[in-house]
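Asks: Here's a structure for you.
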């Protein structure tokens with residue numbers, strides 16, 4: 001079983017450490033839509049140093065939209081999971097929306113992720129992060145999907161999901177408590193959008 005490394009990209013150092021530590025057969029680097037000179041230099045360095053030995057792919061992502069980043073990471077994991085290889089994620093250097101999007105995207109596919117880490121540049125140590133999950137039931141996911149589809153009353157929602165109105169109220173209350181539905185309206189939050197990524 002070989003490693004597939006999915007990583008943010010900015011400075012070369014944490015990537016060099018990650019590649020050296022995990023010896024991946026493939027690296028998928030998530031690049032910003034507006035690359036800086038530092039990122040361009042890092043891309044060139046990685047390609048020159050590792051490009052003959054490792055399949056290095058660059059995937060441009062919207063660097064500001066956490067939900068879109070989460071969806072893209074989820075899709076990359078879906079593409080890689082069937083290879084039978086270990087999927088490891090590095091969030092060492094990037095802007096916060098990218099890091100959060102990668103984490104949330106990996107949480108939607110937690111069962112296929114072997115490791116999430118960052119590189120502490122003070123001592124070049126790999127620091128493992130927990131692999132979390134959203135933990136919402138199939139019914140709660142159905143409730144969120146139906147709210148997106150415009151079922152914005154408890155009656156419509158209970159009929160569409162096939163549950164009683166009382167259960168619909170309970171699910172809505174719990175989803176609000178989890179921050180997945182807005183407190184003051186019948187709309188899902190960006191956290192709710194992340195929780196329903198397939």
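The values are calculated or read from the model by the stated rules, or taken from the named source; none is laboratory data. It should be emphasised that the depicted structure is a prediction, and the values quoted were computed from it without experimental measurement. Note that each Cβ is placed from the backbone with ideal geometry, even for glycine, and that neighbours are counted across all protein chains shown.
Asks: Residues in the stretch 37-46: is at least one in the same structural domain as residue 108 (by TED's automatic domain parsing), surrounded by 17 or more Cβ atoms within 10 Å (Cβ to Cβ), within 25 Å of residue 134 (Cα to Cα) and touching a helix residue (DSSP H, G or I) at 6+ places or on another chain (Cβ under 9 Å)? Full working, then the answer.
Replies: Taking the stretch 37-46 as the starting set, the residues that turn out to be in the same structural domain as residue 108 (by TED's automatic domain parsing) are 37-46.
Those still in the list that are surrounded by 17 or more Cβ atoms within 10 Å (Cβ to Cβ) too: 39, 42-43, 46.
Retained after the next criterion (residues that are within 25 Å of residue 134 (Cα to Cα)): none.
There is no residue in the stretch 37-46 that is in the same structural domain as residue 108 (by TED's automatic domain parsing), surrounded by 17 or more Cβ atoms within 10 Å (Cβ to Cβ), within 25 Å of residue 134 (Cα to Cα) and touching a helix residue (DSSP H, G or I) at 6+ places or on another chain (Cβ under 9 Å).
Asks: Does the stretch 58-75 contain at least one residue that is out of contact with any helix residue (DSSP H, G or I) (no Cβ under 8 Å at 6 or more places or on another chain), under 20 Å from residue 22 (Cα atoms) and in contact (Cβ under 8 Å) with a residue 24 or more places away in the chain? Steps first, please.
Replies: Filtering the stretch 58-75 for residues out of contact with any helix residue (DSSP H, G or I) (no Cβ under 8 Å at 6 or more places or on another chain) gives 60, 75.
Of the ones still in play, those that are also under 20 Å from residue 22 (Cα atoms) are none.
There is no residue in the stretch 58-75 that is out of contact with any helix residue (DSSP H, G or I) (no Cβ under 8 Å at 6 or more places or on another chain), under 20 Å from residue 22 (Cα atoms) and in contact (Cβ under 8 Å) with a residue 24 or more places away in the chain.
Asks: Which of the residues that make up the stretch 171-183 are out of contact with any helix residue (DSSP H, G or I) (no Cβ under 9 Å at 6 or more places or on another chain) and surrounded by 14 or more Cβ atoms within 10 Å (Cβ to Cβ)?
Replies: Quick first cut of the stretch 171-183, residues out of contact with any helix residue (DSSP H, G or I) (no Cβ under 9 Å at 6 or more places or on another chain) only: 173, 176-177.
176 - this is the single residue of the stretch 171-183 that is out of contact with any helix residue (DSSP H, G or I) (no Cβ under 9 Å at 6 or more places or on another chain) and surrounded by 14 or more Cβ atoms within 10 Å (Cβ to Cβ).
Asks: Residue by residue through the stretch 147-168, note down the ones that are farther than 23 Å from residue 65 by Cβ, modelled with pLDDT of 90 or more and surrounded by 14 or more Cβ atoms within 10 Å (Cβ to Cβ).
Replies: 154, 156, 157, 158, 159, 160, 161, 163, 167, 168
Asks: Have a look at 46, 30, 15 and point out the one that is assigned to a helix (DSSP H, G or I), within 20 Å of residue 101 (Cα to Cα) and in contact (Cβ under 8 Å) with a residue 24 or more places away in the chain. Break it down into steps so the answer makes sense when it comes.
Replies: On the way: 46 fails: within 20 Å of residue 101 (Cα to Cα); 30 fails: assigned to a helix (DSSP H, G or I).
Of the residues listed, the single one that is assigned to a helix (DSSP H, G or I), within 20 Å of residue 101 (Cα to Cα) and in contact (Cβ under 8 Å) with a residue 24 or more places away in the chain is 15.
Asks: Restricting attention to the stretch 106-120, which residues are under 16 Å from residue 191 (Cα atoms) and touching a strand residue (DSSP E or B) at 6+ places or on another chain (Cβ under 9 Å)?
Replies: Result: 106, 107, 109.
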